[in-house]
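Student: I have a structure here, written as structure tokens, and I will follow up with some questions on it.
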Amino acid sequence: MLSVILGVSVVALVVFMLLKGFYPQASLFIGGALLLFCTWIFGIGPLLDAKHTTNFLGFDIFKVFSDGFSTRIGGSGLQLMAIGGFSRYMEHVGASEALFRGFKKPLQRIKSPYLLLGASFIVSQIMVIFVPSHAGLALLLMVLLYPLLVRTGVSPMSALGVIGCAQFIDIGPGSGNCNLAAQVSGMDVAEYFVDFQLPMFIVIVLVVTIAQIVVQRWWDRREGWKFDPNNIQTLAGAKEVAEKSPAPIIYAILPVIPLVLIIMFSKVVGSRIRIDVITAMVISTWVAIIFELIRWRSFKTVLGSFKLFFEGMGVILVGVVSLIVCGEFLAAGLIKSGFMQTLIDGAISAGFGVAIMALVGGLLLWVFAFIMGSGNAAFFSFAPLVPPIAKALGQPIVDILFPLQMVVGLGRAASPITGAIVAIATLAGVSSFQVAKRTCIPMIIATVATYIVYYLFYYHPIPLT
């Protein structure tokens, strides 16, 4: 009971700090440190095993953090940083913009504003697989898609609502959450993507496309919006971006290369060759550099641009990996204080099976992602807790982890403090809360649809013996 009281109290404190606008990393760190301190003071259990302890429990609290940091930097954190570096270089060479140009002309042929809105959402979901950054994709769409939508009769807020949901599910080998889910489940990332994510993703995208059309139209009518072709809200700086020399259309294949490499050299196609995400990102970046050398014929300048790959990695380290590490530190406190084990034992004693565990765990992650504005931090903190739960229930890890991984991004896309939402709201000159109001209902619908599909087609519990 003591562990439950401590866990609930600290989580409530962390949530309060986050809602009050405290620095998220510091809030999570304080929560983890408090739990570990209480674990030491009340003698609940050891913080580290004999091999890793500093032999002073006060120092062990910080050793838990440093051990977690070193593990994450050398593993999934490095994957996220490589993805960030690749995304940054794709933005630099204009490959993401070239990929979008392939969709622009078909979109311009659609005359109905709300059908155009739905079609634009589908296009953004295709691009998600190749542009794995939520903020990066949202900003790209603000420059390329937003002006097209508002000039054809779509309200600015409806356009922002669709763009804010651009990466509402973390999907594909370029996603850090997808990689972690596959790793924890003991699966190949390409196998996890093709066999689990892709079928669910296609169904949910169709559902949310319809939801976007209906919800955005409802909001427009509720707010009394009328299209005025003489008063069109455009983005500051959009003209400047549009006037830049566009990349050749062949650059559109560059964002696709990592996905092709990862799937081509995997168990999905029966290949004996294996390639990990980091290697695929580095190879693909150097393919882009070769393209740039052919295009610009300036050896020194183009090779110098490779630093952007590392700058992109640094941005992910500061903004995402640090948040994940601090989130995992809080999770470590919840585990070592006995809070999570008490909840697991209570749930099993109460007869909660995979169905309830997947539902409750997913909703908790949804709320955490909404509060923190990060799907990565929430999922990376919770995922390590799933294997012991699955083992206790006698179920495959993926049966519980898969729905959690699919819904965590939905909470992020509904949050007014998510980086992508804040960024596009700033560009459009509106409040991020106004944008989140437009994304929240579609994300709730997506959450319900995800669990319906999961229970109908993915849920196959193994009876306890």
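The values are calculated or read from the model by the stated rules, or taken from the named source; none is laboratory data. Computed from a predicted structure; not experimentally measured. Cβ: placed from backbone, ideal geometry, glycine included. Neighbour counts: every protein chain shown. SASA here: full protein model, heavy atoms, side chains in, ligands and nucleic acids out. Shrake-Rupley method; radii C 1.70, N 1.55, O 1.52, S 1.80 Å.
Student: I'd like the full set of residues that are over 25 Å from the mean Cα position of the chain (by Cα), at pLDDT 85 or above and open to solvent by 30 Å² or more (accessible area, probe 1.4 Å), limited to segment 244-258.
Tutor: Of everything in segment 244-258, those that are over 25 Å from the mean Cα position of the chain (by Cα), at pLDDT 85 or above and open to solvent by 30 Å² or more (accessible area, probe 1.4 Å) turn out to be Pro248, Ile249, Ile250.
Student: Restricting the search to segment 21-40, which residues are assigned to a loop (DSSP other than H, G, I, E, B) and at pLDDT below 85?
Tutor: Within segment 21-40, just Gly21 meets the criteria.
Student: Could you please find all residues in segment 1-54 being out of contact with any Cys (no Cβ under 9 Å at 6 or more places or on another chain) and of a type in the set (Phe, Trp, Tyr)?
Tutor: Within segment 1-54, Phe16, Phe22, Tyr23, Phe37, Trp40, Phe42 meet the criteria.
Student: Let me ask you something else. If we only count helices (runs of 4 or more DSSP H) wholly inside segment 357-465, which ones have 1 or more residues that are in contact with a Ser or Thr (Cβ under 8 Å, 6 or more places away or on another chain) and buried (at least 17 other Cβ atoms within 10 Å of the Cβ)? Talk me through it step by step, then tell me what you get.
Tutor: Details: elements: 375-382, 386-393, 397-413, 419-428, 432-453.
In segment 357-465, 375-382, 397-413, 419-428, 432-453 are the helices (runs of 4 or more DSSP H) which contain 1 or more residues that are in contact with a Ser or Thr (Cβ under 8 Å, 6 or more places away or on another chain) and buried (at least 17 other Cβ atoms within 10 Å of the Cβ).
Student: I would also like to ask the following. How about segment 91-101: which of its residues are in contact (Cβ under 8 Å) with a residue 60 or more places away in the chain and open to solvent by 50 Å² or more (accessible area, probe 1.4 Å)?
Tutor: At the first step, the residues of segment 91-101 found to be in contact (Cβ under 8 Å) with a residue 60 or more places away in the chain are 92-99, 101.
Listed by number, the residues that qualify are His92, Arg101.
Student: Consider Leu107 carefully, then state whether it is farther than 30 Å from Phe370 by Cβ, modelled with pLDDT under 90, more than 24 Å from the chain's Cα centre (by Cα) and open to solvent by less than 20 Å² (accessible area, probe 1.4 Å).
Tutor: Against the criterion (farther than 30 Å from Phe370 by Cβ, modelled with pLDDT under 90, more than 24 Å from the chain's Cα centre (by Cα) and open to solvent by less than 20 Å² (accessible area, probe 1.4 Å)), Leu107 qualifies.
One line per residue, one yes/no per condition, for (1) open to solvent by 50 Å² or more (accessible area, probe 1.4 Å); (2) of a type outside the set (Asp, Glu); (3) at pLDDT 80 or above:
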| site | (1), (2), (3) |
| --- | --- |
| Trp219 | no, yes, yes |
| Thr234 | yes, yes, no |
| Ala238 | no, yes, no |
| Val260 | yes, yes, yes |
| Phe265 | yes, yes, yes |
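Student: Ok, one more. Could you please tell me which pairs satisfy a Cβ distance under 7 Å, a separation of 6+ or placement on different chains, a first residue in segment 295-314 that is among the hydroxyl-bearing types (Ser, Thr, Tyr), and a second residue that is part of a helix (DSSP H, G or I)?
Tutor: From segment 295-314, the pairs are Ser305/His92; Ser305/Glu292.
Student: Also, quick follow-up: If I ask for residues that are part of a helix (DSSP H, G or I) and either open to solvent by less than 20 Å² (accessible area, probe 1.4 Å) or of a type in the set (D, E, K, R) (or both), which ones from segment 267-289 would you list?
Tutor: Selection gives Lys267, Val277, Ala280, Met281, Ser284, Thr285, Ala288, Ile289.
Student: Is it the case that segment 67-90 has a residue that's part of a helix (DSSP H, G or I) and loosely packed, with under 13 Cβ neighbours inside 10 Å?
Tutor: Yes, segment 67-90 has at least one match.
Student: Out of segment 42-66, which residues are at pLDDT 90 or above and in a helix (DSSP H, G or I)?
Tutor: Phe59, Asp60, Ile61, Phe62, Lys63, Val64, Phe65, Ser66
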